[in-house]
Amino acid sequence: MYQKIIFLFLLFFLFFSCSKKDPTVVQEPSDKEKAIELYQEAVTNMDGGFYFQAAKQFTEAEIILDSIEFSAKASLMSSYCYYLINFYDEAIENLEKFIKKYPADKNIPYAYYLITISHYERILDEEKDITPLLKSKEKINFFLKNYPNTEYALDLKFKLDLINNQLAAKELFVAKYYIQTQKWIAAINRLKTIVENYNETIFIEEALHRLTEIYYKIGLIEEAEATVALLGYNYNSSEWYERSYKILNKSYQIQKKKKIKKKDDGLIKRTIKRILE
């Protein structure tokens, strides 16, 4: 009996000893721990302005994170970091992968918004290639059609107006070149594009005036009169209307308008800009 008790005691001692971890053995961190650490490092780098490094780390963390929610967030943050350093191609590619991989994620509208903004940021001025303008317009229209009630819609509507103004400016720029080279038909076609497609832009009045000039010059008096009537009906207080009216009525004297001192609306503009950003 005594020997049996000793045996059981030794057996218990051996079992207890084996169950303890050897403090000298370094335990490898789990994949979950690695992912969390990598994600935290990425956030730190992003906050510190090291966006390229952060983008790479977010991508690595996405692969090994076991939570779909955090994997999706890591993917989105990687795209955002690329956007911040103007790596628009990389940002767009990442975001398109995000949309395919996480179609049910709550941040899908934001992903589409960031894609749209990435295209918008690549817009060139109106005298150069208009492909980025057209692509950006296409993306904005897609977003406004599918997500009209999101917080990003107001910003994109504002940007769409800017794009339409730039596209109209491009058409007017080319039309003026054709006028200088006396290519009347080509100029008319460009100006008609503004009238038909960009009639809410700031260039519509000048476009109608230039049409009046061309029609009168090439002897299309009825067309010139109709264009002046259209200009007068919609913009009868416009300088462009007065100049067009004078083409048909040579004795008309253009009235000099008093300059009105503009208000200092710098703060308003800055506030609006901050709201739209």
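The numbers here are math on the coordinates, done by the rules we state, and not lab data. Please read all numbers here as calculations on a predicted model, not as lab measurements. Neighbour counts run over all protein chains shown; Cβ positions are idealised from the backbone, glycine included.
Hey, what do the phi angles of region 183-198 turn into as Karplus ³J(HN,Hα) couplings, whole Hz, using 6.51/-1.76/1.60 and θ = phi - 60°, x for Gly and Pro?
So the J values, rounded to whole Hz, are 9, 5, 5, 4, 5, 4, 4, 5, 5, 5, 4, 5, 5, 7, 10, 10.
If R₀ is 30 angstrom, what is the calculated FRET efficiency for the pair Asn234 and Lys157, using the beta carbon separation as r and rounding to 0.05?
My answer for the efficiency is 0.85.
Stretch Thr150-Val43 to full length: gain in nm at 0.36 nm per residue minus the Cα-Cα span?
Values: separation 107, 0.36 × 107 = 38.52 nm, distance 2.64 nm.
Stretched out fully, the Thr150 to Val43 stretch lengthens by 35.9 nm.
For Gln53 and Gln182, compute 0.36 nm times the residue count separating them, minus their Cα-Cα distance, and round to one decimal in nm.
Extra length available between Gln53 and Gln182 comes to 40.8 nm.
Can you work out the PRE-style zone for Ser67? Point 7 Å along Cα to Cβ, and I want the residues of region 45-59 with backbone N under 18 Å.
58-59
For region 88-226, give the magnitude of the charge dipole about the Cα centre (Cβ charges: +1 Lys/Arg, -1 Asp/Glu; no others), in debye to the nearest 20.
400
Each residue of region 159-170 in order: what ³J(HN,Hα) in whole Hz does its phi give by Karplus 6.51 cos²θ - 1.76 cosθ + 1.60, θ = phi - 60°, with x for Gly and Pro?
3J(HN,Hα) across region 159-170, in whole Hz: 5, 5, 4, 5, 5, 4, 5, 5, 5, 5, 4, 4.
Could you list, in their original order, any pairs among Lys192/Lys246; Lys56/Lys101; Lys32/Lys73; Lys56/Lys100; Lys145/Lys176 whose Cα atoms are separated by more than 23 Å?
Lys145/Lys176
Would you please put 181-192, 91-102 in order of how densely packed they are, using the mean number of other Cβ atoms within 10 angstrom per residue and starting with the highest?
Highest-to-lowest ranking by the protection proxy: 91-102, 181-192.
List the equivalent ellipsoid semi-axes of region 76-190 in whole Å, largest first, each obtained as the square root of 5λ for an eigenvalue λ of the Cα gyration tensor.
They are 34, 15, 10 Å, listed from largest to smallest.
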